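Colleague: What follows is a single structure, and I will ask about it in a moment.
The values are calculated or read from the model by the stated rules, or taken from the named source; none is laboratory data. Keep in mind that this is a model prediction, so the values were computed, not measured. Because the Cβ atoms are built from the backbone with ideal geometry, glycine has one as well, and the counts that use them run over all protein chains shown. For accessibility, only protein heavy atoms count, side chains too; no ligands or nucleic acids. Shrake-Rupley method; radii C 1.70, N 1.55, O 1.52, S 1.80 Å.
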Amino acid sequence: MDTKVKYICLVLLCLFILTGNNKIVAQGTAVVVNVFEELSEVNGTEVKKVQIPAENVRIRVCDSEVEAKREIALYKQKQDDGRLLNGKNVGVTNSEGFTQLKNVPPGGALIYNTSEGTIGHVLVSGRKEIRIVFKNTGSRYSGANIVGKKQRPKPNPPITPEVCGNYLSFTYEFLISGTQARTNGRAVLAPIAFVETLHDTAKIMRPAVLDGAEYTTTMLRHMAYDMNNDKLYAYLDSTRQMTTLQDDIIYYSDVLYPIDENKIYPVYGYLWIEDYNGVYHKDTVLLSEGYFPRPMRFLDFSIPDVRIDTTQFGYRREGKAERQSSSYSLNLQFEVGKKELNLNDSVTVTLLQTLMETLSKYYNRDGQGDASITGIGIHGYASPEGRYDGNKSLSLERSRYVFQYLSDHGFSGLRAVNIDIQGDVIPWTDVAEALRQRHLDSYADGITEIVTTYPNSMDAQYNKIRQQPYFNFVKDSILPSLRKVDFSFEYETYRVRTTDEIRQLYETREDYRTGVACKDYELYQLFRMFENDHKRLEPLAAVGTKSFQDLRDNRPWPLAAYYLALCKIDKGIIDTTLLKPYIDTTEYRVSYRRQQNGIMYGVYNDPAIIIAHISMLCQGKEYKKALEYARLLPPDDPRFARLIAMLNGLNCRFREDDIRDAIAATSLWNKVVVYAAQDEEEYKEVALALIRDSFPLDDPKARYLEATVRWQLSEDKSNTFGGDNAAFGPTKLRYVPDAEYMEDNDWDGQQRSKETWGYPMMVAIHLDSTYMKMMLRDGFFTKKYKNTFRNNWDKLKSQISDWLEQEIEERRERLNIAGKTDEEPDSDDEESETAGDDEETQVESSNE
Amino acid sequence: MKPLRLFLLLALLGCALTRGHAQLLALKSNALLDAATVPNFSLEVITGGKTSIVGTAFGSKKVWSLDAQSIGVMSEFRYWFNGRPLTREFIGFGLMAANYDITFDGKRYKGDGYAGAITFGYDFVLSPHWSVEFHSGVGLLYYDQQRYYIGDRIRDYYYNARGFYLLPYNIGITFAWILR
């Protein structure tokens, strides 16, 4: 061969080796595919799932999941050139739902496509036998308009986000038309979420970036072969590239957290498409109006009431005997001129008994007890009317009488105690003060003047005062209370305070009521006393949490923290840090003591504490976190299994079969709610039937839910926006087709009944006007619905009351004919309230 | 060769004075020249967001069967319209200096040539490191040569022909390997 030719061939060969993208394709294998369609059968009020072999389902082999997704997107846009249906390596299932495919890459994917339009994909993952089960729901892709080539692109319609607790989840398929796209271009979609209006930004959400093929390559060069230099690289969809051959989709998802369920969060997307020279296309699109549906809004959700065992180690506190001092006082009333108590007076007798009982606790006759009285003060008083000398001696006699009485009644040992016995005559100035407290200032002024005139002689004061016209009033109303003996004693104890003592200290001392002066065992007793009185409990628990540590761990006293949490839950305060130190999420063990290096620490994962923590999280709508903690609870307890099912439902997993069934089993109402939340029509129809037959027609919550379900079931949402708004009247609801008609036209009869989605909403709002605001903010309903509803509401609201009465009357007649009453629910499937005698705490009210 | 050396120096100085940008370098070779057995090697330096400078050296002993010895350098300043160097359309302003000794049709041409030219081209991006360019241009060549019949006795220092030619310039299909 000529050297020149050899030389050229060598150069070309080298170029080929260096430039070619040599892809080594894995050898494919033969794979057997079985395809089944899952159908729902309605049997009364139960829905059963059956799987039948699916015939004529086309299965297309793809090298990878990326390719599969791309092919599906092209197919939906009718731009796949028939590859999905008739391309290479496409199999079709036979009457048994079976087909065999060859050369299937182990890491590839299979696209299945039914004649009804259901399309999806599964991964091969090295399997030789693949079972595909699908529900025939039509296209799985929504939100993207199908645009022909070179046509003016249609705008992307706003989507409805999904809410789970206080997470708002946005998933977009944003369409970029092929006329806007360039291979040397980059499209950036930057969404921003607002709160209520455009003046308050909730979150600048993560952008989505889509590059053209050439742009990707040159960008790599531009960034010196390190894409981390590209600030938008983290947001780039590296599985797709923009092309001019068809419309492109930017797949986007993000979460807004936390949100307030009572607010709306509109999202605007700022789109720009640029090439190397700059931006050549800009747009602002409304990605979401901000309304979101809350399918589990009306779920009757309650958290089981689990009480803490206060006697458990780490919670209880026992006091130590220590020397303590305190005092007690009481006063006894006497009759005029008497030096002895009237023992026929029941009040006096009761007071004496109280005094003696109290004394006996501390009276240490033989000096061997753990308490002793260290001092007594008996101060007798006489009222100032009459002669001073006589009154003075009377007051002393009264003191001595009380002392003698006690000595004669078992307290003779009091003589050994340091006793202070006194007697005094109440001065007239005290009488004047008592009058002032009763706002009798003129009387008080009169007495004060007399006292001032005769400062040194009480007799003279008395003689003058008794001449006053108000003297009888003073004698009868003020003076009796001044004839008394104040008895007080000081005592010392060397023991643990009893519950009664603690109670008494709490009642008589402010520093005990605030918990400041309490010792830990005293707080413990007070906790047990006021367990159900959260108003009294809260300050004590706060002090206990702040002042006392766990016995064996470096954390606050668990019992105090638990009670403080209960008080905060009562007040609606969310403090999720309070009980975290007592929960170990790494160990699925219940109420255990943590052990490390041979040392035993405190108790962790007490169910009562976990339940309290979950209550707090649920108040803040943190259902996802609550579910994580709920999994620490004992799994064999049906109450906790039910709680987990509820939390799963509130975490948007209510579509899963076992969770749906578990929620439905809790109560009839919950069955209605969870069935109404399902995507399949069969479940919605069962929900509708249950609402109509089992709940009062004048229950606004039930009617609201009925309106929601009817709206979702209605196929004809558009024609009622014109002149005929029969959807807002009750006539179709009363439609009861005859059996023959139903047999021939089963769909029509039921369908016409379903179309009346406006009237139940009117009833709900008529019964409770707060549902109007709920509906206007409900993501289930479109803008058109809301506008139409408002127009009809103004026209028809005056007639609703009559219609409702008529409806109730007709239902009563219908039930009477059927041999039932209004109180009897029609459905045999009514579930009783949850099993168990435990009182359930309503933590969350589901209504707005 | 003094003017040639001076020209080379100026061209290299021009490259050195230009600010290096993004540290991108490309090694290139014109496949058409290679096919014509004129080995050539180019180095392109990205100097800005839309500009680059190319320096080329070439030489030959024979061009196919033609007895044509040559050695030369080219430099070119390029402007890339699309906003990114080594991508899509560009326009180049180049200079060339070469020394040649060609024997053709009984005559011998030996001398120096200097050219100024304008080039248009299009770069196809093949992969992150590879590109292929299609380019051509037109240039004004000044030659200063000895032209005589083979067998004539000549004196080496006697340049007896000089002038200008308008010639096609820098026609080629160039493969570029882009370094970091």
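Colleague: Quick one: count up the residues across region A:415-428 that are surrounded by 15 or more Cβ atoms within 10 Å (Cβ to Cβ) and out of contact with any helix residue (DSSP H, G or I) (no Cβ under 6 Å at 6 or more places or on another chain). Explain how you work it out, then say what you get.
Modeller: Here is the first cut: in region A:415-428, the ones surrounded by 15 or more Cβ atoms within 10 Å (Cβ to Cβ) are A:417, A:419, A:421, A:423, A:425-426, A:428.
Checking the rest, the ones that are also out of contact with any helix residue (DSSP H, G or I) (no Cβ under 6 Å at 6 or more places or on another chain) come to A:417, A:419.
Going through region A:415-428 one residue at a time, the tally reaches 2.
Colleague: Which residue pairs have Cβ atoms under 6 Å apart, sit 6 or more places apart or on different chains, and have a first residue in region A:174-186 that is within 14 Å of chain B (Cβ to nearest Cβ) and a second that is open to solvent by 10 Å² or more (accessible area, probe 1.4 Å)?
Modeller: From residues that are within 14 Å of chain B (Cβ to nearest Cβ), the pairs are A:Arg182/A:Asp275; A:Thr183/A:Ala213; A:Thr183/A:Glu214; A:Asn184/A:Glu214; A:Asn184/A:Asp275; A:Gly185/A:Asp275; A:Arg186/A:Glu274.
Colleague: Return the total of residues in region B:67-92 being crowded, with 22+ Cβ neighbours inside 10 Å and part of a strand (DSSP E or B).
Modeller: So the count comes out to 8.
Results for (1) under 22 Å from A:Lys624 (Cα atoms); (2) touching a Gly at 6+ places or on another chain (Cβ under 8 Å), shown as yes or no for each residue.
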residue: A:Arg660; (1), (2): yes, yes
residue: A:Thr666; (1), (2): yes, no
residue: A:Trp669; (1), (2): no, no
residue: A:Tyr675; (1), (2): yes, no
residue: A:Phe695; (1), (2): no, no
residue: A:Pro700; (1), (2): no, no
residue: A:Arg703; (1), (2): no, no
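Colleague: For A:Gln246, only one of the following conditions fails: (1) closer than 21 Å to A:Ser64 by Cβ; (2) open to solvent by less than 40 Å² (accessible area, probe 1.4 Å); (3) assigned to a strand (DSSP E or B); (4) away from chain B (no Cβ under 14 Å). What is its number?
Modeller: Going through (1) closer than 21 Å to A:Ser64 by Cβ; (2) open to solvent by less than 40 Å² (accessible area, probe 1.4 Å); (3) assigned to a strand (DSSP E or B); (4) away from chain B (no Cβ under 14 Å) one by one, A:Gln246 breaks only (3).
Colleague: Can you go through A:Ile644, A:Ile609 and tell me which one is open to solvent by less than 20 Å² (accessible area, probe 1.4 Å) and either in a helix (DSSP H, G or I) or acidic (Asp, Glu) (or both)? I'd like the intermediate steps shown before the answer.
Modeller: On the way: A:Ile644 fails: open to solvent by less than 20 Å² (accessible area, probe 1.4 Å).
Matching residue, one of A:Ile644, A:Ile609: A:Ile609.
Colleague: Could you grab me the full set of residues in region A:444-489 that are farther than 19 Å from A:Ala434 by Cα and crowded, with 18+ Cβ neighbours inside 10 Å?
Modeller: The answer is A:Phe487, A:Phe489.
Colleague: I'm trying to understand the selection: among the residues of region A:375-414, which are surrounded by fewer than 17 Cβ atoms within 10 Å (Cβ to Cβ) and within 19 Å of A:Lys361 (Cβ to Cβ)?
Modeller: Passing the criteria: A:Gly375, A:Ser407, A:His409, A:Gly410, A:Ser412, A:Gly413.
Colleague: Go through region A:300-354 and report how many residues are hydrophobic (A, V, I, L, M, F, W, C), open to solvent by 80 Å² or more (accessible area, probe 1.4 Å) and under 30 Å from A:Tyr582 (Cβ atoms).
Modeller: So the count comes out to 0.
Colleague: Restricting to region A:699-716, name every residue that is modelled with pLDDT of 90 or more and either open to solvent by 20 Å² or more (accessible area, probe 1.4 Å) or of a type in the set (Lys, Arg) (or both).
Modeller: Once the filter is applied, which keeps residues that are modelled with pLDDT of 90 or more and either open to solvent by 20 Å² or more (accessible area, probe 1.4 Å) or of a type in the set (Lys, Arg) (or both), region A:699-716 yields A:Asp699, A:Pro700, A:Lys701, A:Arg703.
Colleague: Moving on. State which residue is nearest to the other protein chains (Cβ to nearest Cβ) when the search covers only region B:41-66 and only residues that are among the aliphatic types (A, V, I, L, M) and surrounded by 19 or more Cβ atoms within 10 Å (Cβ to Cβ).
Modeller: Keep residues of region B:41-66 that are among the aliphatic types (A, V, I, L, M), which gives B:43, B:45-46, B:53-54, B:57, B:63, B:66.
Adding the requirement that they be surrounded by 19 or more Cβ atoms within 10 Å (Cβ to Cβ) leaves B:45-46, B:53-54.
Working: B:Val45: 13, B:Ile46: 9, B:Ile53: 17, B:Val54: 16 Å.
Only one residue fits best here, namely B:Ile46.
Colleague: Given the criteria without any contact (Cβ under 8 Å) to a residue 24 or more places away in the chain, in a strand (DSSP E or B) and either away from chain A (no Cβ under 14 Å) or open to solvent by 50 Å² or more (accessible area, probe 1.4 Å) (or both), does B:Phe124 qualify? Steps first, answer last, please.
Modeller: Numbers: without any contact (Cβ under 8 Å) to a residue 24 or more places away in the chain: yes; in a strand (DSSP E or B): yes; either away from chain A (no Cβ under 14 Å) or open to solvent by 50 Å² or more (accessible area, probe 1.4 Å) (or both): yes.
Taking the combined requirement at face value, the residue satisfies it.
Colleague: Here's another thing I want to ask about it. Kindly indicate whether A:Gln324 is in a loop (DSSP other than H, G, I, E, B) and in contact (Cβ under 8 Å) with a residue 40 or more places away in the chain. Give the steps one after another, and end with the answer.
Modeller: Details: in a loop (DSSP other than H, G, I, E, B): no; in contact (Cβ under 8 Å) with a residue 40 or more places away in the chain: yes.
In short, no.
Colleague: Would you be able to say whether some residue in region B:93-103 is away from chain A (no Cβ under 14 Å), more than 27 Å from B:Trp177 (Cβ to Cβ) and either surrounded by fewer than 14 Cβ atoms within 10 Å (Cβ to Cβ) or within 16 Å of the chain's Cα centre (by Cα) (or both)?
Modeller: Of the residues in region B:93-103, the ones away from chain A (no Cβ under 14 Å) are B:93-103.
Within this subset, residues satisfying the condition of being more than 27 Å from B:Trp177 (Cβ to Cβ) are B:99-103.
Cutting the leftovers down to either surrounded by fewer than 14 Cβ atoms within 10 Å (Cβ to Cβ) or within 16 Å of the chain's Cα centre (by Cα) (or both) gives us B:99-100.
Yes; the residues of region B:93-103 include at least one that is away from chain A (no Cβ under 14 Å), more than 27 Å from B:Trp177 (Cβ to Cβ) and either surrounded by fewer than 14 Cβ atoms within 10 Å (Cβ to Cβ) or within 16 Å of the chain's Cα centre (by Cα) (or both).
Colleague: Go through region B:127-178 and count every residue that is within 12 Å of another protein chain (Cβ to nearest Cβ) and open to solvent by 40 Å² or more (accessible area, probe 1.4 Å). Walk me through it before giving the result.
Modeller: As a first pass, look at region B:127-178 and keep what is within 12 Å of another protein chain (Cβ to nearest Cβ): B:127-132, B:173-178.
From the residues that got through so far, the ones that are open to solvent by 40 Å² or more (accessible area, probe 1.4 Å) too are B:128-129, B:173, B:175, B:177.
Within region B:127-178, residues that are within 12 Å of another protein chain (Cβ to nearest Cβ) and open to solvent by 40 Å² or more (accessible area, probe 1.4 Å) number 5.
Colleague: Still on this structure, please answer the following. Determine whether region A:148-170 contains at least one residue that is open to solvent by less than 30 Å² (accessible area, probe 1.4 Å), more than 14 Å from every other protein chain (Cβ to nearest Cβ) and modelled with pLDDT of 90 or more. Even if it seems obvious, please write down each step before you answer.
Modeller: Filtering region A:148-170 for residues open to solvent by less than 30 Å² (accessible area, probe 1.4 Å) gives A:148, A:156, A:161, A:163-166, A:168, A:170.
When the remaining residues are screened for being more than 14 Å from every other protein chain (Cβ to nearest Cβ), the result is A:148, A:156, A:161, A:163-166, A:168, A:170.
Next, from what is left, pick out any that are modelled with pLDDT of 90 or more: none.
No, because not a single residue in region A:148-170 is open to solvent by less than 30 Å² (accessible area, probe 1.4 Å), more than 14 Å from every other protein chain (Cβ to nearest Cβ) and modelled with pLDDT of 90 or more.
Colleague: What residue, among those in region A:260-292 that are within 14 Å of chain B (Cβ to nearest Cβ) and aromatic (Phe, Trp, Tyr), is nearest to A:Ile250 (Cα to Cα)?
Modeller: A:Tyr280
Colleague: What is the number of the single condition among (1) surrounded by fewer than 16 Cβ atoms within 10 Å (Cβ to Cβ); (2) outside any loop (DSSP other than H, G, I, E, B); (3) touching a helix residue (DSSP H, G or I) at 6+ places or on another chain (Cβ under 7 Å) that A:Asn228 does not meet?
Modeller: For A:Asn228, the failing item is (3).
Colleague: Of the residues in region A:792-816, how many are surrounded by 13 or more Cβ atoms within 10 Å (Cβ to Cβ) and either free of Cβ contacts under 8 Å to residues at least 60 places away in the same chain or closer than 14 Å to A:Pro760 by Cβ (or both)?
Modeller: Matching residues across region A:792-816 total 13.
Colleague: Can you name the residue in region A:261-298 that is of a type in the set (Gly, Ala, Ser) and buried (at least 17 other Cβ atoms within 10 Å of the Cβ) and, of all such residues, is farthest from A:Met646 (Cα to Cα)?
Modeller: Pass one, region A:261-298, residues of a type in the set (Gly, Ala, Ser): A:269, A:278, A:288, A:290.
Those left that are additionally buried (at least 17 other Cβ atoms within 10 Å of the Cβ): A:269, A:288, A:290.
Working: A:Gly269: 35, A:Ser288: 28, A:Gly290: 26 Å.
Top of the filtered list is A:Gly269.
Colleague: Looking at (1) surrounded by fewer than 21 Cβ atoms within 10 Å (Cβ to Cβ); (2) within 14 Å of chain A (Cβ to nearest Cβ); (3) part of a strand (DSSP E or B), can you tell me which one B:Tyr109 breaks?
Modeller: (2)
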